[in-house]
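All of the numbers you see were taken from the coordinates with simple rules; none came from a lab. This structure is a prediction, so every number in the text was calculated from the model and none was measured. Cβ placement follows ideal geometry from the backbone for every residue including glycine, while neighbour counts extend to all protein chains displayed.
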Amino acid sequence: MKVELPPGYWNPKIELLPRSDLKELQLKRLRHAIQYAWEASPFYRKLMERHGLSPDQIRSLGDFYKRFPITRREDLDQDQLNNPPYGTRLAVHPESTLRYHTTSGTTGKPPVKAFDTERDWLWGGDCWAASLYNFGIRPDDVVMIAFGYGSFIGFWGAHYGFEKIGCRVHPTGGMDTKTRIQAILNLDVTVLCCTPSYAVRILHVANGEGLDLARESKVNKIVVAGEPGASISSTRKMIERGFDAHLGDFMGTTETAGMMAAMCSKLSGGLHINEDRYLTEVVDPVTLEPVGYGIQGMMVVTPLVKQAMPLIRYGTNDIVILDPNHSCSCGRVFDLFRGGILGRYDDMVKVRGVQLTPQMVEEIVRGFPEVEEFFTTVEERNGLDSLIIKFEIRKDVRAPVGEEIARKIKDEFKSKVGLTPEIELAPVDSLPRFELKSRRFKDQRTHG
Amino acid sequence: MTKDDQISKEDEQKLLTAYKILEEYSESEIPVLRFNCRKAKNELWQALFELDVLF
């Protein structure tokens, strides 16, 4: 790698607390958040009343986990639908808010509308700044943020986080990929911030232009969020090698308006949860019972400070595995999500009895650096469920190599997943490209 | 200011005093003072909240 990541703590007082003190701090903040939601957010007042709950009944984290109902995305959608335009979660007048954002809308559902007050926004930016600093970002870094700067929250928080640290930040909303690559070279960019998919896209376009960004650019750190790509080892390796840079995985959501978890400079493979700002749980997606360390489950999150739109025990559908804080050597008190977001329960499909996620496909296909882009569908063919993987090879790779790769992907899929896909070589530039929230997986079956 | 990475009670007191001053000027009739002090006050609140000094 071009540089070593500098160690350091953004907030040593809190990050080095004993675990029992952290739990006390969480409880204090949680009780305040619940009291506030009870008083100011009609959505949560009604929810608590419906469950016979009042704030004074939550005296411990145990009470909270046991008694407070989980809110799901469907509940937020229904509330917005029944109470247009913003729903009843809003705890302040819209006039007193500072920001308005929406979810990306890539799931096909109507986007969730999210407001932030000035304090929420500062808090969200600070969450990002803390995570960026702990990864190794410093004031002398030159940053390119490659996203559209639209109403989707995307990397807005990152922009403010980098600025808070004192970095020079280059927004590149209107630029195409070739222009961004030239800017990376001309502006001596040291940090690239984008989705993992887009980092791969930049590498492919640079390759097509005869550029080697590992050698010719000064990019030494890459901050990715928005997709599980950094937890997919083949994608991760491709990005790290392509830029000769450290890859930091960051995770957050529009609804929580901040950075929930991120890798620290030790790069242990886990993402430290910002537990002083978020109370997270990992539960069984069916029983909603806690699953404990080391077991895959659904992330449930409560931001501990949210003025405009409180969010309490939000079931995200994200698949995570919790590890204890000591599994990283940095000394932080915060537990970790092993490998970040591993996928989503609502993306999981069953094909001929095999549970499949888009990440399982990406893990195998990205293991072949000759593959430029790919797209997966599940279809009914001749009355049978079939998995079809279409892929494009790089322009500089000859067709016979593509046929060889198709055979290898098929073999690897069969041995690792236990399913034999149909592999199709697609013409160059025929498959969709993504800047944000890639959707390379489509279940086209008409039956459930 | 404290030299190690922990904040002292004296530091906390100084920061709280600064917060109160900014809070006062956040109500100023003079826009340049009102808006800049309000922003600075909220930024300082963020730090004090994260340090568990102010709630």
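In square nanometres and to one decimal, what's the mean projected area of the convex hull around the Cα atoms of segment A:349-443?
6.2
Share of antiparallel DSSP beta bridges in segment A:349-443, in percent to the nearest 5?
The answer is about 65 percent antiparallel.
Give A:164/A:306; A:218/B:41; A:23/A:416; A:164/A:266 a once-over and call out the pairs whose C-alpha atoms are over 30 Å from each other.
A:218/B:41; A:23/A:416
Can you tell which of A:399, A:308, A:199 shows the greatest fluctuation in a Gaussian network model of chain A with Cα springs below 10 Å?
With Cα springs under 10 Å in chain A, the top fluctuation among A:399, A:308, A:199 is at A:399.
Taking DSSP loops as anything outside H, G, I, E and B, show the longest stretch in chain A free of chymotrypsin sites (Phe, Trp or Tyr not before Pro) there with at most 14 other beta carbons within 10 Å.
Looking at chain A, A:294-448 is the longest stretch - no exposed chymotrypsin sites (Phe, Trp or Tyr not before Pro) with at most 14 other Cβ atoms within 10 Å.
Residue A:221: which aspartates and glutamates have alpha carbons under 14 Å from its alpha carbon, excluding same-chain residues fewer than 8 sequence positions away?
A:4, A:140, A:141, A:188, A:240, A:244, A:249
DSSP loop GluC sites (Glu not before Pro) in segment B:1-50 with at most 15 other Cβ atoms within 10 Å of their Cβ, which ones?
B:27, B:29
Once phi is turned into ³J(HN,Hα) by the Karplus curve 6.51 cos²θ - 1.76 cosθ + 1.60 with θ = phi - 60°, what whole-Hz value does each residue of segment A:19-28 show in order, with x for glycine and proline?
Once rounded to whole Hz, the list reads 4, 5, 5, 4, 4, 5, 5, 4, 5, 4.
Say the dipole of segment A:182-250 comes from +1 at the beta carbon of Lys and Arg and -1 at that of Asp and Glu; which of A:230, A:194, A:220 then lies farthest toward its positive end?
A:230
Once you put a point 7 Å from the Cα of residue A:284 and another 7 Å from the Cα of residue A:267, both along the Cβ direction, what distance in nm separates them?
3.8
Compare the Cα positions of A:317, A:65, A:371 along the charge dipole of chain A (+1 at Cβ of Lys, Arg; -1 at Cβ of Asp, Glu; about the Cα centre) and return the one farthest towards the positive end.
So the residue furthest toward the plus end is A:65.
Enter the mean projected area of the convex hull around the alpha-carbon atoms of chain A, in nm², rounded to one decimal.
With every direction weighted equally, the projected area is 21.7 nm².
Label points 7 Å out from Cα along the Cβ direction at residue A:420 and residue A:59: separation in nm?
Result for the modelled spin labels: 6.4 nm.
From other protein chains only, count the Cβ atoms within 10 Å of every residue's Cβ in A:121-127, then give the mean.
Averaged over the peptide's residues, the number is 3.
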